[in-house]
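To keep things clear, I will list the structure first and then write my remarks on it.
The values are calculated or read from the model by the stated rules, or taken from the named source; none is laboratory data. Everything quoted here is computed from the prediction, not taken from an experiment. Counting neighbours? That spans all protein chains shown, and the Cβs are built from the backbone with ideal geometry, glycine included. The protein model used for the area step is the full one, side chains on, heavy atoms only, and it has no ligands, DNA or RNA in it. Shrake-Rupley method; radii C 1.70, N 1.55, O 1.52, S 1.80 Å.
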Amino acid sequence: MQQEEQQVKEQGQYIYCVVEKGNNSGFQEKGIENNSVYTICNGDLCAVVHTCPAKPYISENKEQVIGWVKAHQKVIDAAYAVFGTVIPFSFDVIIKGENSEQLVKDWLSSEEEELKKKIQRIKGKQEFGVKIFLAEQDVTRVIMQSNKEIKVLEEEIKIAKKG
(Lines give C-alpha, C1' and ligand atoms only; values in the text may rest on other atoms or scores of the structure.)
Protein backbone atom coordinates (compact mmCIF):
# COMPACT_ATOMS: atom_id res chain seq x y z
CA MET A 1 0.00 0.00 0.00
CA GLN A 2 2.80 2.42 0.92
CA GLN A 3 4.57 1.69 -2.37
CA GLU A 4 1.37 2.53 -4.32
CA GLU A 5 1.05 5.83 -2.45
CA GLN A 6 4.65 6.72 -3.27
CA GLN A 7 4.12 5.91 -6.98
CA VAL A 8 1.08 8.20 -7.09
CA LYS A 9 3.10 11.03 -5.47
CA GLU A 10 6.09 10.50 -7.80
CA GLN A 11 5.84 12.68 -10.90
CA GLY A 12 6.57 11.73 -14.46
CA GLN A 13 6.53 13.23 -17.91
CA TYR A 14 3.98 11.81 -20.34
CA ILE A 15 5.53 12.01 -23.82
CA TYR A 16 3.33 12.64 -26.86
CA CYS A 17 6.01 13.25 -29.48
CA VAL A 18 9.41 14.75 -30.25
CA VAL A 19 9.79 17.80 -32.51
CA GLU A 20 12.51 20.10 -33.77
CA LYS A 21 12.77 23.14 -31.51
CA GLY A 22 11.61 25.86 -33.89
CA ASN A 23 9.30 28.53 -32.48
CA ASN A 24 7.26 26.82 -29.78
CA SER A 25 5.91 29.98 -28.13
CA GLY A 26 2.54 29.51 -29.86
CA PHE A 27 2.10 25.92 -28.73
CA GLN A 28 -0.68 25.61 -26.18
CA GLU A 29 -2.73 22.46 -25.95
CA LYS A 30 -4.68 20.45 -23.43
CA GLY A 31 -3.85 16.76 -23.30
CA ILE A 32 -5.08 13.67 -21.52
CA GLU A 33 -7.40 14.51 -18.63
CA ASN A 34 -7.17 18.18 -19.63
CA ASN A 35 -3.50 18.41 -18.58
CA SER A 36 -1.56 21.42 -19.86
CA VAL A 37 0.86 20.29 -22.53
CA TYR A 38 4.23 21.98 -22.97
CA THR A 39 7.67 21.33 -24.42
CA ILE A 40 10.88 20.31 -22.72
CA CYS A 41 13.78 21.26 -24.96
CA ASN A 42 17.41 20.33 -25.14
CA GLY A 43 19.52 21.50 -28.04
CA ASP A 44 17.53 21.43 -31.28
CA LEU A 45 14.91 18.96 -30.03
CA CYS A 46 11.85 19.20 -27.81
CA ALA A 47 9.65 16.58 -26.22
CA VAL A 48 5.95 17.47 -26.14
CA VAL A 49 4.82 16.44 -22.65
CA HIS A 50 2.52 16.91 -19.70
CA THR A 51 3.36 16.32 -16.04
CA CYS A 52 1.54 13.34 -14.58
CA PRO A 53 1.69 10.81 -11.78
CA ALA A 54 4.38 8.23 -12.53
CA LYS A 55 1.94 5.44 -13.26
CA PRO A 56 0.24 4.14 -16.42
CA TYR A 57 -3.16 5.32 -17.56
CA ILE A 58 -5.27 2.23 -16.86
CA SER A 59 -9.04 1.97 -16.72
CA GLU A 60 -11.71 -0.69 -17.01
CA ASN A 61 -13.91 1.97 -18.63
CA LYS A 62 -13.48 1.53 -22.39
CA GLU A 63 -14.90 4.98 -23.16
CA GLN A 64 -12.38 6.62 -20.83
CA VAL A 65 -9.48 4.83 -22.53
CA ILE A 66 -10.81 5.84 -25.97
CA GLY A 67 -10.97 9.44 -24.74
CA TRP A 68 -7.38 9.27 -23.54
CA VAL A 69 -6.16 7.88 -26.87
CA LYS A 70 -8.09 10.55 -28.80
CA ALA A 71 -6.60 13.27 -26.59
CA HIS A 72 -3.14 11.79 -27.19
CA GLN A 73 -3.64 11.94 -30.96
CA LYS A 74 -5.12 15.46 -30.77
CA VAL A 75 -1.91 16.72 -29.12
CA ILE A 76 0.24 15.04 -31.78
CA ASP A 77 -1.89 16.64 -34.50
CA ALA A 78 -1.59 20.07 -32.83
CA ALA A 79 2.20 19.63 -32.55
CA TYR A 80 2.34 18.75 -36.25
CA ALA A 81 0.40 21.93 -37.08
CA VAL A 82 2.85 24.09 -35.09
CA PHE A 83 6.20 22.35 -35.59
CA GLY A 84 5.83 20.39 -38.82
CA THR A 85 7.52 17.02 -38.56
CA VAL A 86 6.88 15.06 -35.37
CA ILE A 87 8.11 11.71 -34.09
CA PRO A 88 4.89 10.38 -32.53
CA PHE A 89 5.04 8.16 -29.46
CA SER A 90 2.65 5.39 -28.56
CA PHE A 91 -0.02 6.02 -25.96
CA ASP A 92 1.16 5.87 -22.33
CA VAL A 93 4.91 6.51 -22.61
CA ILE A 94 5.97 8.05 -19.31
CA ILE A 95 9.45 8.97 -18.10
CA LYS A 96 9.49 8.83 -14.34
CA GLY A 97 11.95 9.51 -11.59
CA GLU A 98 13.28 12.32 -9.49
CA ASN A 99 13.44 15.49 -11.57
CA SER A 100 11.65 13.92 -14.54
CA GLU A 101 12.07 17.09 -16.63
CA GLN A 102 15.84 16.74 -16.38
CA LEU A 103 15.53 13.06 -17.27
CA VAL A 104 13.69 14.06 -20.46
CA LYS A 105 16.44 16.57 -21.30
CA ASP A 106 19.10 13.95 -20.66
CA TRP A 107 17.24 11.46 -22.84
CA LEU A 108 16.92 14.02 -25.67
CA SER A 109 20.66 14.66 -25.41
CA SER A 110 21.64 10.99 -25.40
CA GLU A 111 19.36 10.17 -28.35
CA GLU A 112 19.87 13.43 -30.25
CA GLU A 113 21.69 11.98 -33.25
CA GLU A 114 19.21 9.13 -33.73
CA LEU A 115 16.16 11.37 -33.23
CA LYS A 116 17.48 13.89 -35.75
CA LYS A 117 18.00 11.09 -38.29
CA LYS A 118 14.40 9.95 -37.76
CA ILE A 119 13.10 13.48 -38.20
CA GLN A 120 15.02 13.87 -41.47
CA ARG A 121 13.74 10.49 -42.70
CA ILE A 122 10.08 11.34 -42.03
CA LYS A 123 10.18 15.08 -42.81
CA GLY A 124 7.20 16.04 -44.94
CA LYS A 125 5.40 12.77 -44.24
CA GLN A 126 2.46 11.89 -42.02
CA GLU A 127 1.45 8.62 -40.41
CA PHE A 128 -2.06 7.24 -40.89
CA GLY A 129 -3.65 4.10 -39.52
CA VAL A 130 -5.84 2.28 -42.00
CA LYS A 131 -8.21 -0.58 -41.27
CA ILE A 132 -9.84 -2.60 -44.01
CA PHE A 133 -12.82 -4.77 -43.28
CA LEU A 134 -13.56 -7.54 -45.76
CA ALA A 135 -16.12 -10.28 -45.88
CA GLU A 136 -14.19 -13.56 -45.63
CA GLN A 137 -16.33 -15.26 -48.29
CA ASP A 138 -15.70 -12.47 -50.81
CA VAL A 139 -11.93 -12.57 -50.23
CA THR A 140 -11.88 -16.37 -50.53
CA ARG A 141 -13.89 -16.22 -53.77
CA VAL A 142 -11.54 -13.63 -55.32
CA ILE A 143 -8.46 -15.64 -54.32
CA MET A 144 -9.98 -18.85 -55.66
CA GLN A 145 -10.79 -17.20 -58.99
CA SER A 146 -7.49 -15.39 -59.46
CA ASN A 147 -4.92 -17.96 -58.30
CA LYS A 148 -4.03 -20.47 -61.04
CA GLU A 149 -2.64 -23.07 -58.61
CA ILE A 150 -5.83 -23.03 -56.56
CA LYS A 151 -7.93 -23.38 -59.73
CA VAL A 152 -5.90 -26.44 -60.77
CA LEU A 153 -6.28 -28.00 -57.31
CA GLU A 154 -10.01 -27.27 -57.32
CA GLU A 155 -10.40 -29.04 -60.68
CA GLU A 156 -8.36 -32.02 -59.44
CA ILE A 157 -10.60 -32.30 -56.39
CA LYS A 158 -13.74 -32.28 -58.58
CA ILE A 159 -12.55 -35.23 -60.71
CA ALA A 160 -10.79 -37.17 -57.92
CA LYS A 161 -12.36 -40.31 -56.55
CA LYS A 162 -13.82 -40.14 -53.08
CA GLY A 163 -11.60 -41.35 -50.24
Angle check, please: helix 136-146 long axis (alpha carbons) against the longest principal axis of the chain (alpha carbons), in degrees 0 to 90, nearest 10.
60
If I take all pairs of Cα atoms in the stretch 53-144, what percentage of them are more than 15 Å from each other?
75
Give, in nm to one decimal, the length gained when the segment between SER110 and LYS30 is fully stretched (0.36 nm per residue of separation minus the Cα-Cα distance).
26.0 nm
Which of the residue pairs LYS74/LYS125; LYS62/LYS105; LYS96/LYS117; LYS55/LYS125 have a Cα-Cα distance greater than 29 Å in the structure shown?
LYS62/LYS105; LYS55/LYS125
For TYR16, TYR38, what's the largest-to-smallest order of accessible area, 1.4 Å probe?
TYR38, TYR16
Divide by every residue of the chain the summed helix terms, -39500 (n - 2.57) for each DSSP H run of at least 4, and state the resulting mean residue ellipticity at 222 nm, rounded to the nearest 500 deg cm²/dmol.
-14500 deg cm²/dmol
Nearest-20 debye value, the chain charge dipole, Cβ charges on Lys, Arg, Asp, Glu
780
Please give the per residue volume of the convex hull enclosing the alpha carbon atoms of the chain, rounded to a whole number of Å³.
235
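In terms of solvent-accessible area of protein heavy atoms at a 1.4 angstrom probe, what is the ranking of LEU115, LEU153, LEU103, LEU134, highest value first?
These residues rank, largest area first, as LEU134, LEU153, LEU103, LEU115.
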Folded to 0 to 90 degrees: helix 112-122 orientation relative to the chain principal axis, Cα
50
Hey, if you put +1 on the Cβ of every Lys and Arg and -1 on every Asp and Glu Cβ in the stretch 1-139, which of ASN99, CYS41, CYS52 ends up farthest toward the positive end of that dipole?
CYS41
On Cα atoms only, tilt of 100-110 relative to the major axis of the chain in degrees:
60
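Write down, largest first, the equivalent ellipsoid semi-axes of the stretch 112-163 in whole Å, where each equals the square root of 5 times an eigenvalue of the alpha-carbon gyration tensor. Don't jump to the answer; show the numbers that get you there.
On the way: eigenvalues 472, 42, 17 Å².
With the √(5λ) rule applied to the stretch 112-163, the semi-axes are 49, 14, 9 Å.
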